[in-house]
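Novice: Shown below is the structure under consideration.
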Amino acid sequence: MPDDENTNELAALRARVAALEGETAARPAPRHRGRSFLAAVLIVIGCVLVPLGIVAAWTADIVGDTDRYVSTVAPLASDEDVQAAVANRVTTAVMDHLDLEDLLEGVAPEQRPLLAKGLGKLGGSLESALGSFVHDKAQEVVASDAFETVWTDANRAVHTSVVRALTGSGDGAVQIDNNTVTVDLAPVIERVKGRLVDSGLTVAGRIPEIHTDFTVVTSDDIGKVKTGFRLLQVMGLWLPVLALLLVVAGILLSSHRRRTVTASAIGVAAAALVLGIALTVFRTVYLNALPDTVSQAAAGSVYDALIHFLRTTVRMVVVLGLVVAFAAWLTGPSRPAVVTRRMWNSGIDATRTAADRAGLRTGPVGPFVRRYRTWIIWILVAVAALVYVLWDHPTAWVVVGLALALLFAFAVVGFLGAEPADADEETPVRA
């Protein structure tokens, strides 16, 4: 029949048109593809800058701030490895400038055999016995509370000198010779020598002033170290901000923002994790490159103390990235995310139903929360973000705590904004 044929042809034509429209819709426009490519480039650059931003922040905040540096290394005064290394260094310096003949000359002739006999009880030759005695006294000094003051003052002076050397600003007790940064520790030795005298080793008072060069930085190209230090110090604040802005710009340019947020957060976490692994690997390389005269145990303790802030920041960024990625995924349309949200809402609804049956009423608060729920949610998110930004050196636990606090606040909002089990119970009866 002609009408049936026309109808079939019309239906086929419509199907063809629909198929063509679907293909056109599925084919991304060149402009969208360009935006997606640009978004990907910005996000990749931002993720690459994340480790550099963390190191720059550490450089400006720890290495460039004497007070924070001193507070970072202050606990090392109680570290056993550091105490042992300092005691050995002091013992060596004292013994190098201590003559047995001079020591015995200060003792009455009739007392010299007694002194020699007393020192001999310490074992070995007279010189080794004296060395053991000096070491014991040095160990007593570094294990005392007085050593903390000596350690703090010494590190304050050392840090100021190192910064001056690396930035090339000012003069100080620091010198750069043969691509090596050395610090003259004469004031430190004098303090320790005074403590030894107070502890009963009066012979230490006869030791002349000792100038000891302590190697802080050694490199084949110290000029690059200075340039890199100044650059990181200047960019300490702006480099992390730049990395964040690039990632945010890439997200805003993306046509699938939720998925982009998830991928970007995971990328930032992965970049920070790479830095954490690099710090661990570099620790081994650094310690193996030290000369035999340096205590590796003490150097390891100092290294761990200096990069403690770096490791804390790495953990914080990793946890923050994972939290943001999980939050973005949880709001998505995937089946696991939908099931998770349904379970969450079912739990809140069950709690609200039990509260209604127990006679708990929300009064006018419930309708208010239901009306402005979206605004309340975003305000809570903004408050959590503000607390994070204003927190002084947030840690991974701070991020976890803020996330849990935000979830609890969401649960309270959901509870207050849930429809009551019996709507008529919260609706006043009109006459």
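Novice: Sort 392-402, 81-91, 410-420, 350-360 by packing, meaning the average of other beta carbons within 10 Å per residue, with the highest value first.
Specialist: Going by the mean number of other Cβ atoms within 10 Å, highest first, we get 81-91, 410-420, 392-402, 350-360.
Novice: Order 384-391, 268-275 from most to least packed using the mean count of other Cβ atoms within 10 Å.
Specialist: 268-275, 384-391
Novice: Still on this structure: For segment 240-256, just list the computed ³J(HN,Hα) in residue order, Karplus coefficients 6.51, -1.76 and 1.60, θ = phi - 60°, integers in Hz, with x standing in for Gly and Pro.
Specialist: x, 5, 4, 4, 5, 5, 5, 5, 4, 4, x, 5, 5, 7, 6, 8, 10
Values in this text are rule-based calculations from the coordinates and carry no lab data. Computed from a prediction, not measured in an experiment: that's the story for all the values here. When we count neighbours, we look across all protein chains shown, and the Cβ atoms used for this are built from the backbone with ideal geometry, even at glycine.
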